[in-house]
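Colleague: This structure is in structure tokens; I'll ask about it shortly.
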Amino acid sequence: MSDHTVKIEGGVELKDNSGYNLSLQPSRANAIVIASKVIYPRGILFVGVGGNIAVIPADNPDAKSTDPTAWVVYKNVPEGTFFPVPIIRVGDIAAGTTATDLVMNF
């Protein structure tokens, strides 16, 4: 398997290129406060109400940046989705987030 793997063996395990494993069976979860300056522990996002999600992926050197070009906007993420990209920041409406009822799982 490559450095970016998704494998299903009695559950879903995600591995990013730094070797960090993320499971879709998290031990903690917090509701997201949509605020572009908040940095969360590395985790996977649950989308309650679909829409666009502006994020800064985990291990991005721009994690603390206020530069609007640092945001990656994923469009039309459906409701009820576990968003399988390890992230540490979720942007506000100004950054491009329109999805709501977001929960960070880590």
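The values are calculated or read from the model by the stated rules, or taken from the named source; none is laboratory data. Just so it is clear, the structure is predicted and the values come from calculations on it, not from any experiment. Every residue, glycine as well, gets a Cβ built from its backbone with ideal geometry; the counts of neighbours run over all protein chains shown.
Colleague: Could you please let me know if residue 97 is at pLDDT 90 or above, of a type in the set (S, T, N, Q) and not in a strand (DSSP E or B)?
Modeller: It is true that residue 97 is at pLDDT 90 or above, of a type in the set (S, T, N, Q) and not in a strand (DSSP E or B).
Colleague: Scan segment 56-76 for residues that are buried (at least 17 other Cβ atoms within 10 Å of the Cβ) and closer than 15 Å to residue 101 by Cα and jot them down.
Modeller: Result: no residue meets the conditions.
Colleague: Further, regarding this structure: I need every pair where a residue in segment 86-106 that is under 16 Å from residue 40 (Cα atoms) has its Cβ under 6 Å from the Cβ of a residue that is of a type in the set (D, E, K, R) and part of a loop (DSSP other than H, G, I, E, B), sequence separation at least 6 or different chains.
Modeller: Listed pairs, sorted by first residue: 86/16; 86/42; 88/42; 106/28.
Colleague: Tally time: how many residues in segment 33-55 are under 14 Å from the mean Cα position of the chain (by Cα), under 13 Å from residue 98 (Cα atoms), not in a loop (DSSP other than H, G, I, E, B) and not polar (S, T, N, Q)?
Modeller: Residues flagged as under 14 Å from the mean Cα position of the chain (by Cα), under 13 Å from residue 98 (Cα atoms), not in a loop (DSSP other than H, G, I, E, B) and not polar (S, T, N, Q) within segment 33-55 amount to 6.
Colleague: Same structure again: Would you check which residues across segment 82-106 are surrounded by 15 or more Cβ atoms within 10 Å (Cβ to Cβ) and among the hydroxyl-bearing types (Ser, Thr, Tyr) and list them?
Modeller: Passing the criteria: 97, 98.
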